[in-house]
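Below you will find the structure I want to go over with you.
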Amino acid sequence: DMAHSKGETQVYLVGAGPGDPGLLTLKGRAAIERADVLVYDRLVSPRLLGYARPDCELVYVGKTPDHHTLPQHKINALLVKKALAGNVVVRLKGGDPFVFGRGGEEAEELRAHGLSYEVVPGVTSAIAAPAYTGIPVTHRDAASSFTVITGHERDGKGVSAIPWGQVARLKGTLVFLMGMENLPRIVDNLVGHGMDPATPAAVVRYGTWPMQRTVCAPLAALEERVGEEGIENPAVIVVGQVAALRERLSWAERKPLFGKTVVVTRARHQASALASALEERGAQVLEFPAIEIAPPADPQPLAEAVAGIEAYRWVVLTSANGVDAFFAEAAAQRLDARCLAGAEVAAIGTGTQAALAAYGITQVHVAREFCAEGLAGLLAGKVRAGDRVLIARAEEARDVLPRALEEQGAQVSDVAAYRTRAVAEGAEALAAALRAGDVDAVTFTSSSTVTNLLACLGGPSLLEGADLYSIGPVTTETLRAAGLEPRAQAVEYTIAGLVAALVDTQEGELL
């Protein structure tokens with residue numbers, strides 16, 4: 001069943017970049033999306049695996065505490081075997097496949113078996129780790145060359161293959177990859193061959209990752225500083241005048257949420273806006289899709305409401321999911337935005353407003369307060385007795401809104417446009433991170449994310465040590481009902497408001 005068109009590439013050797021998932025190339029992403037089998041390393045961001053198809057086979061060949069990396073000859077054999085079976089195989093490796101990445105050996109093996117392959121270069125940590133800590137590897141005033149050197153020479157090489165005498169005299173920037181175990185040897189060799197012991201130097205651990213850490217010191221003192229700070233692999237060593245620029249040019253480590261780990265609980269397809277806003281501010285995001293969106297248990301009422309849409313004077317939508325579900329049903333009935341021409345449209349929140357605008361509906365009544373009470377208050381002065389009102393929303397929604405409108409004499413049809421389902425995938429990993437104290441903050445975007453996360457974690461006890469952030473009063477009430485007090489609630493009940501609440505409190509801590 002693995003019929004692939006003739007001439008298609010069978011294996012892609014893809015550089016995943018240094019860690020920040022945003023540094024994957026577009027071509028790298030396209031290859032991952034096409035893969036039947038994805039073979040990946042330790043230093044690959046888990047976010048990149050999310051681009052693979054749900055039926056893609058993921059094969060991990062990196063180090064774990066209980067076993068060392070699969071030896072290179074076995075990785076070569078695995079790529080060949082999977083490709084010969086008719087799969088499109090992606091070999092995803094940290095950094096660039098041809099910069100100390102053993103990609104050349106894999107390519108030789110594939111060629112020997114007559115398999116077609118492509119190399120997709122990646123951003124190498126040799127340039128990216130210094131860049132993310134504020135060190136340009138070349139600079140007009142400080143370095144007109146940079147040299148990338150392996151810090152991890154094969155054991156048993158008696159004599160070093162690195163020409164230390166020449167290297168120590170280079171006036172540019174030296175970048176050593178995978179050299180932490182050999183740091184004393186590297187420093188001794190450079191100083192012993194005549195490099196000034198006062199030369200600025202730096203070590204960047206986990207460059208471009210949210211847990212990035214940097215130590216700067218003169219070359220002779222570097223080893224001692226690294227020992228004090230407990231810096232280990234994976235790290236990049238930078239030696240040269242440019243290392244002194246870091247103090248002026250540092251940027252990533254100055255972001256308001258730098259180094260914080262934040263859990264995002266949303267439906268998977270919606271988590272990205274919140275996740276990217278947090279990442280933009282320097283946070284490491286753990287996505288926990290506590291809910292997924294599914295069609296309502298009974299789709300009939302929504303179908304009938306859309307079929308008879310002309311009869312309604314008001315159409316009320318309370319979430320972006322509701323908007324998408326409504327228009328999906330309309331499209332199934334060969335209708336488009338014009339079906340709402342005769343109705344007044346009301347919405348809760350700017351997210352819902354934006355979703356309506358995407359379908360061309362821009363004249364919308366939006367309450368100042370983004371909750372059912374706010375919308376009920378806004379409509380109180382506008383909905384007249386006898387008006388027919390359609391509310392299309394989540395199956396498990398509260399009845400504040402329909403009740404308030406009925407009290408004004410409106411005829412309300414309250415139909416389920418979608419339902420949210422709890423998803424427990426990843427619950428064990430999240431529980432472990434909470435237990436270990438690795439989570440700084442947990443965000444909640446709706447009451448259902450609270451209820452579902454508590455169900456997945458078996459109660460509130462694991463959340464008692466983390467800072468909790470709520471999108472609005474209804475979500476806050478749900479947290480309080482479980483005995484949990486949020487650290488902060490968004491002032492504006494939107495994703496942007498939630499992000500602002502996090503930045504304000506976390507920045508307050510740093511001041």
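The values are calculated or read from the model by the stated rules, or taken from the named source; none is laboratory data. Everything numeric here is computed off the predicted structure, so don't read it as measured data. Neighbour counts are summed over all protein chains in view; Cβ atoms, including those assigned to glycine, are modelled from backbone coordinates with ideal geometry. Side chains included, ligands, DNA and RNA excluded: accessible areas come from the protein's heavy atoms. Shrake-Rupley method; radii C 1.70, N 1.55, O 1.52, S 1.80 Å.
Using a ≥ b ≥ c from the Cα gyration tensor of the range 197-261 (square roots of the eigenvalues), is it rounded, prolate or oblate, where a/c under 1.5 gives rounded and otherwise the larger of a/b and b/c decides, a/b for prolate?
Taking the square roots of the gyration eigenvalues as a ≥ b ≥ c, the range 197-261 is oblate.
Please give the direction-averaged projected area of the C-alpha convex hull for the range 443-482, in square nanometres with one decimal.
2.4 nm²
What value does the range 451-508 have for Rg/Rh, both radii from Cα atoms and Rh as Kirkwood defines it?
0.98
Let me ask something else. Taking the Cα centre as origin and putting +1 on Lys and Arg beta-carbons and -1 on Asp and Glu beta-carbons, what dipole magnitude results for the range 411-511, to the nearest 20 debye?
400 debye
Only sites in a loop by DSSP and with at most 12 other Cβ atoms within 10 Å count here; which GluC sites (Glu not before Pro) in the range 191-290 make the cut? Could the numbers behind the result be given before it?
Details: sites: E223, E224, E228, E229, E232, E247, E253, E279, E280, E287; in loops: E232.
Hits after loop and neighbour filter: E232.
Over 30 Å between Cα atoms: which of K171/K255; K93/K255; K27/K82; K27/K74 fall into that group?
K171/K255
Sorted by accessible area (1.4 Å probe), largest first, how do K260, K81, K74 line up?
Accessible-area ranking of K260, K81, K74, largest first: K81, K74, K260.
Mind giving me the FRET efficiency for R29 and S116? R0 is 25 Å, r the Cβ-Cβ distance, nearest 0.05 is fine.
In this case the efficiency is close to 0.80.
Could you give the dipole magnitude of the range 196-264 about its Cα centre, charging the beta-carbon of Lys and Arg +1 and that of Asp and Glu -1, in debye to the nearest 20?
So the dipole magnitude of the range 196-264 works out to roughly 440 debye.
Post the alpha-carbon centroid distance, the range 203-259 to the range 81-133, in whole angstrom.
27 Å
Picking from L454, A358, A481, whose Cα lies most toward the positive end of the charge dipole for the chain (charges on Cβ: Lys, Arg +1; Asp, Glu -1)?
The residue sitting most towards the positive pole is A358.
Something else: Using Cα pairs under 8 angstrom and six or more residues apart, how large is the relative contact order of the chain, in percent? Don't jump to the answer; show the numbers that get you there.
Numbers: 1031 pairs, mean separation 52.4, N = 511.
Contact order relative to length: 10 percent.
Once a ≥ b ≥ c are taken as the square roots of the eigenvalues of the Cα gyration tensor of the range 291-363, is the result rounded (a/c under 1.5), prolate (a/b larger than b/c) or oblate (a/b not larger than b/c)? Mind showing how you got there, number by number?
Working: a/c = 1.59, a/b = 1.03, b/c = 1.54.
Oblate shape, in that a/c is at least 1.5 and b/c is the bigger or equal ratio.
Hey, another quick one. Within straight cross-link reach of K81, meaning Cα distance under 20 Å, which aspartates and glutamates are found once same-chain residues fewer than 8 apart are removed?
List returned: D1, E8, D36, D41, D55, E57, E105, E106, E108, E109, E118.
Could you work out [θ]222 nm for the chain from helices alone, using -39500 (n - 2.57) per DSSP H run of at least four and dividing by all its residues? Round to the nearest 500 deg cm²/dmol. Don't jump to the answer; show the numbers that get you there.
Working: 19 runs with 182 residues, N = 511.
The per-residue figure over the chain is -10500 deg cm²/dmol.
What is the distance in Å between the Cα centroid of the range 360-383 and that of the range 430-463?
32 Å
Are there trypsin sites (Lys or Arg not before Pro) in the range 322-376 that DSSP marks as loop and that have at most 12 other Cβ atoms within 10 Å, and which are they? Can you show the working numbers first?
Values: sites: R334, R338, R368; in loops: R334, R368.
When the trypsin sites (Lys or Arg not before Pro) of the range 322-376 are filtered for loop state and at most 12 Cβ neighbours within 10 Å, R334, R368 remain.
When the dipole is taken about the Cα centre of the range 25-70, and only Lys, Arg (+1) and Asp, Glu (-1) are charged at their Cβ, what size is it in debye, to the nearest 20?
Magnitude of the dipole: close to 260 debye.
Over all directions, what mean area does the Cα convex hull of the chain project, stated in square nanometres?
Numbers: hull surface 117.9 nm².
Its average projected convex-hull area is 29.5 nm².
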